[in-house]
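Remarks on the structure that follows.
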Amino acid sequence: KQEVTQIPAALSVPEGENLVLNCSFTDSAIYNLQWFRQDPGKGLTSLLLIQSSQREQTSGRLNASLDKSSGRSTLYIAASQPGDSATYLCAVTGGGNKLTFGTGTQLKVEL
Amino acid sequence: DGGITQSPKYLFRKEGQNVTLSCEQNLNHDAMYWYRQDPGQGLRLIYYSQIVNDFQKGDIAEGYSVSREKKESFPLTVTSAQKNPTAFYLCASSINPNNEQFFGPGTRLTVL
């Protein structure tokens, strides 16, 4: 059974800092990995999707990498802003076309 | 304006009642999904549908039912058999399985 772990569970950084969020998964037989953002009480916003054949994807200040063989992904946020404060979730699509989610990293960017 | 809508935003249920949560999408996506989110836990898959008139149980389907009579709609019924239904429910869709999933704004269900 696929298990997805995100470390750390919570992170607080000063504005302007570059930061890395980590995601690991136990079964490397995945189709893709997706990073989401969730604001309190809201739905999920898709940030980046990495196909299993890709190594990384970039969107603006965000860069996500995937090392399928070691079961790891990182989300790099450059020059963090208070508006980046949210919970970040990673999820992998594996057998049965089902998405398995991690429990998220709660990020707070302080002025 | 394309997207996924869920209604209602907040729902209160008395014990023993069935309630239905609405999910509609105008993205022309084939696949639709229902997830449940509880504090401190990741999202868990309740049911999913890859095509009209077909759906499969997810990891926590007990006490829930769905239908997929139209491509645009995937309603979820929370039955009285669901012993702990208080949670945040999220609907999602994707153009086909294994593609990027897009989420609605969610429905918060509270049992009184």
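The values are calculated or read from the model by the stated rules, or taken from the named source; none is laboratory data. Computed from a predicted structure; not experimentally measured. Because the Cβ atoms are built from the backbone with ideal geometry, glycine has one as well, and the counts that use them run over all protein chains shown.
For the range B:6-20, the tally of residues that are surrounded by 13 or more Cβ atoms within 10 Å (Cβ to Cβ) and either in contact with an Asp or Glu (Cβ under 6 Å, 6 or more places away or on another chain) or basic (K, R) (or both) stands at 1. Would you mind finding the one in B:G63, B:G3, B:G40, B:G58 that is modelled with pLDDT of 95 or more and either within 14 Å of chain A (Cβ to nearest Cβ) or over 11 Å from the mean Cα position of the chain (by Cα) (or both)? That would be B:G63, the only listed residue that is modelled with pLDDT of 95 or more and either within 14 Å of chain A (Cβ to nearest Cβ) or over 11 Å from the mean Cα position of the chain (by Cα) (or both). Can you find a residue in the range A:83-92 that is within 10 Å of chain B (Cβ to nearest Cβ), at pLDDT below 95 and assigned to a strand (DSSP E or B)? Among the residues of the range A:83-92, not one is within 10 Å of chain B (Cβ to nearest Cβ), at pLDDT below 95 and assigned to a strand (DSSP E or B), which makes the answer no.
This table checks each residue for (1) in a loop (DSSP other than H, G, I, E, B); (2) surrounded by fewer than 20 Cβ atoms within 10 Å (Cβ to Cβ); (3) among the aromatic types (F, W, Y).
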position: B:E24; (1), (2), (3): no, yes, no
position: B:N28; (1), (2), (3): yes, yes, no
position: B:Y35; (1), (2), (3): no, no, yes
position: B:Y47; (1), (2), (3): no, no, yes
position: B:D59; (1), (2), (3): yes, yes, no
position: B:S65; (1), (2), (3): no, yes, no
position: B:N84; (1), (2), (3): yes, yes, no
position: B:C91; (1), (2), (3): no, no, no
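Among the residues making up the range A:12-21, those that are surrounded by fewer than 16 Cβ atoms within 10 Å (Cβ to Cβ) and touching a residue at least 60 places away in the same chain (Cβ under 8 Å) are A:S12, A:P14, A:E15, A:G16, A:E17, A:N18.
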